[in-house]
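Every read-out reported here was derived from the displayed coordinates using simple, explicitly stated rules and does not represent laboratory data. Remember, it's a predicted structure, so these values are computed and weren't measured experimentally. Virtual Cβ from ideal backbone geometry, glycine too; neighbours counted across all protein chains shown.
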Amino acid sequence: MNWFQRSKKSTTALDDESLLTRYQSTGDLALLGELYERHTEMVYYVCFRYLKDGERAKDAVMQLFEELIIKVEKQEVKKFVTWLYVLTRNFCLMQLRSEKKMQWVSMQEFVEFPVDVHPEDREEKETSLVALEKCLEKLPEKQKKSIDLFFLNEKCYKDIVDITGYSLNEVKSYIQNGKRNLKNCMDNHREKA
């Protein structure tokens with residue numbers, strides 16, 4: 001997918017950091033566009049995982065480029081792809097928070113994902129996300145439903161009680177036990193990897 005116009009000189013041989021340095025010295029947006037284009041697949045995937053909608057994810061990819069132009073000037077960027085991953089995740093979380101007008105708790109606070117360690121490794125990211133999905137499927141149905149509603153659909157305890165008919169104490173218990181089971185499952189996955 002060609003999201004941005006390529007600069008006239010081929011810069012495909014340059015690594016990300018060299019291309020970023022060249023952009024910072026010249027201000028040529030085509031260079032920043034090329035750098036961003038290298039990682040739009042990862043950006044889209046992260047946006048889709050958080051926003052749960054293909055069109056919203058595409059919009060976010062475009063908005064993130066505008067955000068990138070501003071942020072890359074203000075922040076020190078040591079490893080571009082890692083920095084971009086964090087920028088993307090934070091952008092999506094801010095969108096979700098502003099929509100919900102309430103604090104959103106990230107599932108990553110409870111389950112460590114190797115995704116954060118090496119975001120440039122697409123295969124490892126994909127493997128981790130697949131493992132998470134498999135771990136979610138292994139949860140008992142009530143835990144899975146509660147975890148899904150709480151973390152992935154950002155419902156509060158009261159909403160989950162209303163949706164499921166579980167008592168408040170049951171919801172809290174299912175979420176707590178589900179988080180523990182997910183963490184154990186992901187830890188087992190990492191040990192096998």
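Sorted by average packing, counted as other Cβ atoms within 10 angstrom per residue and highest first, what order do 169-178, 39-48 take?
On the way: 169-178: 17.6, 39-48: 20.0.
Highest mean packing first, the order is 39-48, 169-178.
Past 24 Å, Cα to Cα: identify those pairs from Lys158/Lys179; Lys52/Lys74; Lys52/Lys144, in the order given.
Numbers: Lys158/Lys179 19 Å; Lys52/Lys74 30 Å; Lys52/Lys144 18 Å.
Check vs 24 Å cut-off fails for Lys52/Lys74.
Considering only Gln95, Leu31, Val81, whose Cα is most displaced toward the positive end of the charge dipole of the range 1-101, charges sitting on Cβ of Lys, Arg (+1) and Asp, Glu (-1)?
Gln95
Please give the contour-minus-distance gain from Met94 to Ser25: 0.36 nm per residue of separation, less the Cα-Cα distance, rounded to one decimal in nm.
Residue separation times 0.36 nm, minus the Cα-Cα distance, leaves 21.8 nm.
Between Lys138 and Asp162, what length in nm is gained on full extension when 0.36 nm per residue of separation is reduced by their alpha carbon distance? Write down the numbers at each step before the final one.
On the way: separation 24, 0.36 × 24 = 8.64 nm, distance 2.44 nm.
Contour length minus Cα-Cα distance gives 6.2 nm.
Per residue of the range 39-50, what does 6.51 cos²θ - 1.76 cosθ + 1.60 with θ = phi - 60° give for ³J(HN,Hα)? Whole Hz please, x for Gly and Pro, Karplus curve as stated.
Taking θ as phi minus 60°, the curve returns 10, 5, 5, 5, 4, 4, 4, 5, 4, 5, 4, 7 Hz for the range 39-50.
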